[in-house]
Amino acid sequence: MARRTEGVIESALNASALRRWSRAARTAATTELQTLRRQRQQARALVSRLADLIHVADSRLALPRIGSTAFARPGGTDWSWRPQAWRGPLEVKGMTAVPTQTMLGNEVTLFHNCTESELTLRQLRNTREEDLAPFALRLDVFRFDGTFLSLVLDLPQDAVQGLQRRHILRVSAIAEVERPLDIFVRLNIKHGPNTDTLVQELPRGGHEGMVEFDLAYTELNEKRLEKAWLDIIFGGPEMNQITLRDLTVCRYPRAEL
């Protein structure tokens, strides 16, 4: 009952404030200047607070919800992951003229060999109905005089815990590009002094792509696993805008015959 009473009082106060400011706006053309000056100062302070509220509310109430790890997983999946850049807000939202080996967050690093960087990298909020990831990453590439451009994602340590050659690693990505280009995914697994790599190309012409890495084709030493990472490699990226709406990784055992 107390909560309902508080709600009624708050609604009444809000209605009263709205009537007051509506009346002030209607009569502003004829209001005494000293009074108008005071109203302007109060209105500016109010607008600033309202803008802060709307900004935070838009972010928190927009779908998908921040922190979401919802995405389709194959049957038998024993580990899955959506990187933080697609899952939650980063402290640094974006950068321009990005130098090589620049990190965005704690898991994503941009690599290139341009003599002069004309690249921007930033995090966006996903708000479309079909989006499952709360955030996206966008690369704007202008003049590009290098020979390679890639995003490197360090997989968390639990990705290699219990990893075996009977496993398959699936990488799924939703990529939007202004002009068609090749996107390759390279899986790297370090075990002892050796690093095994597998490379596949994401399907072109589709909105959502997926590649699978069968670890049976590696010489993986399961007892000496140290770490794993992914290279997302963009071929011929000049004068293009690349938006990765989502990127997820999951691990599951190969079906035994």
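The values are calculated or read from the model by the stated rules, or taken from the named source; none is laboratory data. Here the structure is a predicted model, which means the values were calculated and not measured. Because the Cβ atoms are built from the backbone with ideal geometry, glycine has one as well, and the counts that use them run over all protein chains shown.
Observations on the structure shown:
- Search result, residues across the stretch 137-164 that are among the small types (Gly, Ala, Ser), over 23 Å from residue 234 (Cα atoms) and surrounded by 14 or more Cβ atoms within 10 Å (Cβ to Cβ): 159
- For residue 27: the one exception among (1) under 23 Å from residue 232 (Cα atoms); (2) β-branched (Val, Ile, Thr); (3) modelled with pLDDT of 90 or more: (1)
- Residue count, the stretch 90-125 (criterion: in a loop (DSSP other than H, G, I, E, B) and either on the phi < 0 side of the Ramachandran plot or buried (at least 16 other Cβ atoms within 10 Å of the Cβ) (or both)): 16
- Selection from the stretch 101-136 of residues that are within 22 Å of residue 236 (Cβ to Cβ) and of a type in the set (Asp, Glu): 116, 118
- Residue check, residue 196 surrounded by 13 or more Cβ atoms within 10 Å (Cβ to Cβ), of a type outside the set (Val, Ile, Thr) and farther than 29 Å from residue 133 by Cα: yes
- Residues in the stretch 202-215 that are at pLDDT 95 or above, within 13 Å of residue 231 (Cβ to Cβ) and within 22 Å of the chain's Cα centre (by Cα): 211 alone.
- Scanning the stretch 72-89 for residues that are in a loop (DSSP other than H, G, I, E, B) and crowded, with 19+ Cβ neighbours inside 10 Å yields 82, 83.
- Test: residue in the stretch 228-236 that is surrounded by 14 or more Cβ atoms within 10 Å (Cβ to Cβ), outside any strand (DSSP E or B), at pLDDT below 95 and in the same structural domain as residue 136 (by TED's automatic domain parsing): no
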